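Below: one structure, written as structure tokens.
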Amino acid sequence: MSLIGENLGYFYEKNRWIFKDINISVAPGEVLGLSGYSGCGKSTLSRILAGYVVPRAGSVAVNGKAMERRGFRPVQLIYQHPEKAINPRWRMKEVLNESYEPSQDVLDAFEIRDEWMNRWPVELSGGEKQRFCIVRALNPGTKYIIADEMTTMLDAITQAKIWNAFLSICKSRKIGVIVVSHETSLLNRLCDTVYQVSSPT
């Protein structure tokens with residue numbers, strides 16, 4: 001049982017493929033790195049695997065079943081820019097509770113303070129908002145998480161803390177993770193294997 005993309009391809013202009021014939025899979029509890037140069041389609045591939053974009057070619061299956069596009073998504077996507085994933089008209093507590101009500105130990109793992117709960121998104125930094133997005137993705141029903149440049153906006157020490165807490169929880173729950181990054185050193189440090197996205201030939 002895995003998250004599997006078979007023969008995936010995508011283009012914005014017909015016959016000008018961004019990528020083509022991509023076969024990729026991540027098993028429960030596995031940490032897979034997704035590498036490639038800027039503009040090679042890493043983020044588009046991530047959205048396809050999470051079910052937000054329909055591929056021009058190929059298919060995606062989650063644990064042997066076709067990707068569902070309605071209801072709760074067992075494949076969660078964490079964006080590089082958290083403001084794009086948060087309703088600016090909701091207080092942070094509502095942002096979290098849209099998904100589920102996380103336990104205190106999960107909130108503590110990401111150093112989310114009680115006083116942040118009643119604040120508006122605009123009152124928190126990008127790094128603080130990203131912590132909420134990470135916790136929100138850790139819904140009990142989540143089977144796979146795609147982290148697209150998840151900690152780019154954070155300093156090195158905070159990055160290490162966030163990744164340690166995140167991967168510890170994912171491994172304990174057997175959540176498969178795809179780490180999307182242009183930082184080779186980060187991928188080599190965190191991932192079991194690394195998949196390189198390249199231009200179609």
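The values are calculated or read from the model by the stated rules, or taken from the named source; none is laboratory data. Since this is a predicted model, take the numbers as computed values, not measurements. Cβ atoms come from the backbone with ideal geometry, glycine included; neighbour counts cover every protein chain shown. Areas reflect the complete protein model, heavy atoms only, side chains present, ligands, DNA and RNA absent. Shrake-Rupley method; radii C 1.70, N 1.55, O 1.52, S 1.80 Å.
Some notes on this structure:
- When the stretch 3-21 is filtered for residues that are open to solvent by less than 10 Å² (accessible area, probe 1.4 Å) and either farther than 18 Å from R56 by Cα or touching a residue at least 60 places away in the same chain (Cβ under 8 Å) (or both), the ones remaining, listed by number, are L3, G9, F19.
- Among the residues of the stretch 66-84, those identified as out of contact with any strand residue (DSSP E or B) (no Cβ under 8 Å at 6 or more places or on another chain) and either surrounded by 12 or more Cβ atoms within 10 Å (Cβ to Cβ) or among the hydrophobic types (A, V, I, L, M, F, W, C) (or both) are F72, R73, H81, P82, E83.
- Figure legend. Inter-residue proximity from the stretch 51-63: first residues over 15 Å from L3 (Cα atoms), second residues polar (S, T, N, Q), beta-carbon distance below 7 Å, spacing 6+ or different chains. Indicated pairs: V53/T44; A57/N7.
- The numbered conditions (1) farther than 15 Å from V179 by Cα; (2) part of a strand (DSSP E or B) are all true for K93 except (2).
- Qualifying residues in the stretch 1-56 (those that are among the polar types (S, T, N, Q) and part of a loop (DSSP other than H, G, I, E, B)) - the one farthest from L77 (Cα to Cα): N15
- Close contacts from the stretch 156-180, counting a first residue that is over 15 Å from V75 (Cα atoms) and a second that is small (G, A, S), with Cβ to Cβ under 8 Å and a gap of 6+ residues or different chains, come to T158/G127; A165/A109; F166/A147; S168/A109; I169/A109; K171/G29.
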